[in-house]
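The values are calculated or read from the model by the stated rules, or taken from the named source; none is laboratory data. Keep in mind the model is a prediction, meaning the values are calculated, not measured. FYI the Cβ positions are ideal-geometry reconstructions off the backbone, even for glycines, and counts take in every protein chain you see. Only protein heavy atoms, including side chains, enter the accessible area calculation; ligands, DNA and RNA are left aside. Shrake-Rupley method; radii C 1.70, N 1.55, O 1.52, S 1.80 Å.
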Amino acid sequence: MGSSLALTLLVSFLICLFQFTRCVSSVQPLCRSDERFALLLFKESLAVDKEASAGPFVYPKADGWKFQGVDCCYWDGIECDHNTGHVTALDLSSSCLYGSINSTSSLFHLLHLRKLNLADNDFNSSQLPSRLGNLSMLTYLNLSTSSFSGQIPLEISWLSRLTSLDLSNTMRLEFGMFSHGGLKLERPDFKSLIQNLTSLKHLHLRHVVISSPVPNILANLSSLSSLDLSYCGLLGKLPTSIFHLPNIQFLDVSNNLQLSGTLPATLSCRRLKFLSTRFTSLSGVLPASIGNLHSLELLDVTACKFRGPLPSSLGNLTNLTELALLNNSFSGDIPSFLSNLTRMGFLSLGINNFNPSSIPSWFSNLNQLHELHLPLCGITGPIPSFFANLTQLGVLDLNRNQLTGRFPVGITNLTQLESLSLGTNMMEGALPDSIFGLENLQILEIYSKQIECVLYLSSNNLTLLSLTSPNTTTSLPMFSELGLGSCNLRQFPNFLTHQNQLVYLDLSQNDIHGEMPKWIWEMSFDTLFLLDLYFNSLTGFHQSPTLLPWSNILFLDLSSKLFQGSPPIPSSSIMVYLASNNSFTGEIPQLFCSLSSVRVLDFSRNNLGGIIPQCLSKASKSLSVLNLNVNNFHGPVPQAWLNGNKLKMINLGKNKLTGKLPRSMARCRMLEFFDIGNNQIRDTYPFWLASLSKLKILILRSNRFYGEIKSREFNSVFPKLRVIDISNNGFIGFLPSSYLESWIAMKSFHVEHFLGCCMLTITSTHMFMAGLTIPDEYNYSMTLTNKGIKMEYTKILEVFMAVDLSCNKFSGEIPESIGNLKGLELLNLSNNILVGQIPTVIGTLTNLEALDLSHNQLFGRIPWQRRQLNFLEVFDVSYNHLSGPIPQGRQFGTFPNSSFDGNLGLCGNPLSKKCEDLEASPPPSSSTFEQNHGVGLEWRGVLLGFGIGFLVGTGLGWVVVTRNLKWFAITF
């Protein structure tokens, strides 16, 4: 009996054990051993680096696998099929992975993957492996922000089951600058990638370089609910059919400057919640049908080309929380129907053509606003008191308006305020001390001559008084960005002593005297990116040579008038170093050659001397601008210019340099501006410079160049040249006719923008909205003799074109090819040995404002065609052998006698010598002139084509130095 009972119990136990095992196995089998092995191999192929991920939930998931048992289905980031045990999902996003994935990676053994997420890691700019196309079961693929680069492989388009594809890249910062590289979509192109992916619901390609039009077949993806094509370099017109996608909820095509088109009259994408076209070239009007998009929560058309009044239907979008209309051409009154949008948290209306008015009272209805941007809105009158009731405001921007009155004390009740910008208005009186009791305030921008900018300013002479109380200075909030330019400060504000979080500090255009105080060395030494001390009266530093303490400084402007001693040396992070117009002495410290990131180095107009360090020519491949103009450097030009350098401007003019120009300068293939004028260079004409196809300005003036100018083997010489000055040298021979033929840029007119090169673009969102921007353009400047006066061009218009070959020993006739340079404003061939008649083709240069042919041996008559030069202000043919009547009428009645001196054969006004029977005679008829001078109908056609109606008042020079801090900077 006992044994029978024991047997029964044993059988029951085995049955239960069998049932339990079946139950467990039906719930979750062990993962496949081959897939477990593949996962471990994949993990081992990559390193773990905490700097490789930047997301909010970063942790190395794969590191925990070794502690989580043998069943990989229970590992972090892994999901398996419940029936088969195959790995179906791998999520290693934000897992600090570093390395590369090649085509032999064990990852591609996981053939049953449906979801793969490797976002927010660092794959070291490696290429996407083409074997991704073998994972044919994938429905979700996210490789965003993982530092892949190169061409997206065609094999991605084989993944026809994909419903979500994210290859976006949030560009990483290097010393505050966006790095380049990343993924490209060229071959295959955009169309080839998506034509098979018809099931897509989410397509995100942010920062993928596409550089082609948006394909129309995108509109066939009827399931698409989110589309991000921002920062892709898109071209052409945006297909309006995209706005008819029935399921689209998120649409971002922003930051594609060459993307054009209009919004369709009928917008049928009623599920749309997010629409951004900011920084594109979309234009036209906002259609009334936009009011049908009742789900819309964000509408951003910042910096597009939209125009006209805002449609009243915008007032129907009661779900809007963000409306950004900044920098377009919207017109009419600021519409009151915006008061319906009571959920609005962000509103920007500035830089449009709205009618000037005071701030409408209905703004008080928008009590959910946390950011309000109204710069350049033509707003007049005082700041209304109801702003004190907008208690959620964190950012208030009223820059560049016509606000008057005193600062409203009620604003100091806005305890959430982080940024306050009131720059360039007409407010007056004292800024209340209580403004500095706002604990969250980080950005304060005043920029006004009338308002007292910092705490204790005298109401009479706007002088900053010393802040001596420790309690006063330490109680101030910690600012990150502080703009105090043009505030009539006379010393460094003491409250800066306790500011240790500053990123941006602008003290430019004040009257700060003396040495920089010692305490400034400890101010924000590891956070400061920009320090602008331009145009003050600072004399130097308390020690020299000075190693500047700011370890992350990007932009430093010491351009002043009084700095002395040796120039201070910045940290290796520096990108823009401006130290012009001072009295720095000594040699350039060798440490400047080790600045590996520097783009702009400007020591112009100082008293620096010695030999230019040879290492500067090979110091940094990042250098774009080297300006050593107006110093006392002697010896040779640096010799070892490297291949692949990025130099766009080299200005060594007005020194005491000797020797020859090094041929290695031909390696500066990006060069646009080269000035070696006013030195002691003794050399033949550097014909090898003709290989610099991007050169726009060439100045060899006042050296000891000699010999003939020959084009040698180059077929095209300086096709982009706009200004050439080789005056005051010893060149001989004929004028270089073949060169004149190849100066293509001078053969037409150009848009009016300034010649210069990019320094850098770095702007935070707050800085952009508040107008606090790092200057991103370095304007080229030069000195040129124009209209008999030495003029300093602190900016050079692209439209300005000049040729100065004067004071040499050129001989022969003036070539007919000079008539091809239709864009010329200045032509100076004086003080040579030119012979022959003045060619009639010069009459076609209808843009000329100054023409000097004096001190040559020209003979014959002054052609009547000169009368067609309607913009001519200076005309000088003195001291030649010209004869006959001086043309009368138009500009010729304005030239003085001296313009015609030394030509004994000339007669007629303005000379006292009368022409026999000719003075009162009209100019010869065109037919008579053509018979006598061999000019036919073609000449008349040229006159008609290039007569009246060209650019007027291009402004040949700016003698007064101006300051150009760009208000509107594009954020990349």
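At-a-glance table
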{"read-out": "Per residue accessible area of segment 588-671, 1.4 Å probe, in Å²", "value": "36 Å²"}
{"read-out": "Nearest-0.05 FRET efficiency for ARG669 and HIS881, computed from C-beta distance (R0 41 Å)", "value": "0.35"}
{"read-out": "HN-Hα J in Hz across segment 681-687 - Karplus 6.51, -1.76, 1.60, θ = phi - 60°, x for Gly and Pro", "value": "5, 10, 6, 7, 4, x, 4"}
{"read-out": "Under the Karplus curve 6.51 cos²θ - 1.76 cosθ + 1.60, θ = phi - 60°, whole-Hz ³J(HN,Hα) for segment 105-120, x wherever Gly or Pro sits", "value": "4, 5, 3, 7, 7, 8, 6, 9, 4, 10, 10, 9, 10, 10, 5, 6"}
{"read-out": "Residue-by-residue Karplus 3J(HN,Hα) for segment 626-641, coefficients 6.51, -1.76, 1.60, Hz, glycine and proline x", "value": "10, 10, 10, 4, 6, 9, 10, 5, 10, x, x, 5, x, 9, 9, 6"}
{"read-out": "Amide hydrogen neighbours beyond the local backbone of ILE512, cut-off 5 Å, H modeled", "value": "SER537"}
{"read-out": "Cα gyration tensor shape for segment 790-869, rounded if a/c is under 1.5, else prolate or oblate", "value": "oblate"}
{"read-out": "Carbon plus sulfur fraction of accessible area for segment 497-584, probe 1.4 Å, in percent", "value": "51 percent"}
{"read-out": "Lysine pairs with alpha-carbon atoms under 20 Å apart, segment 588-671, spacing 8 or more or separate chains", "value": "5"}
{"read-out": "Inter-site label distance for LYS809 and ASN220 at 7 Å from Cα along Cβ, in nm", "value": "7.5 nm"}
{"read-out": "Amide H contacts under 5 Å for ASN903, placed H, 5+ residues apart", "value": "TYR879, ASN880"}
{"read-out": "Segment 132-253 shape via C-alpha gyration tensor axes, a/c threshold 1.5", "value": "oblate"}
{"read-out": "Nonlocal amide H pairs with ASN607, under 5 Å, H built at 1.01 Å", "value": "PHE584"}
{"read-out": "Within segment 830-910: Cβ-based charge dipole about Cα centre, in debye rounded to nearest 20 (Lys, Arg +1; Asp, Glu -1)", "value": "300 debye"}
{"read-out": "Charge dipole magnitude, Cβ of K and R +1, D and E -1 - segment 488-570, Cα centre, debye nearest 20", "value": "160 debye"}
{"read-out": "Percent RCO, i.e. relative contact order, over segment 588-671, from Cα pairs under 8 Å lying at least 6 residues apart", "value": "28 percent"}
{"read-out": "Listed residues SER385, SER130 arranged by accessible area, highest first, probe 1.4 Å", "value": "SER385, SER130"}
{"read-out": "Length released on extending from SER313 to ASN779, taking residue separation times 0.36 nm less the Cα-Cα span", "value": "163.3 nm"}
{"read-out": "Dipole in debye (nearest 20) - segment 588-671, about Cα centre, beta carbon charges: Lys, Arg +1; Asp, Glu -1", "value": "280 debye"}
{"read-out": "Residue-normalised accessible area of segment 497-584, given per residue in Å² at a 1.4 Å probe", "value": "33 Å²"}
{"read-out": "Chain lengthening between ALA47 and SER339 when straightened (0.36 nm per residue, less Cα-Cα)", "value": "99.6 nm"}
{"read-out": "Beta bridges by DSSP in segment 159-304, antiparallel share as percent, to the nearest 5", "value": "10 percent"}
{"read-out": "Global form of segment 497-584, assessed from the alpha-carbon gyration tensor, a/c cut-off 1.5", "value": "rounded"}
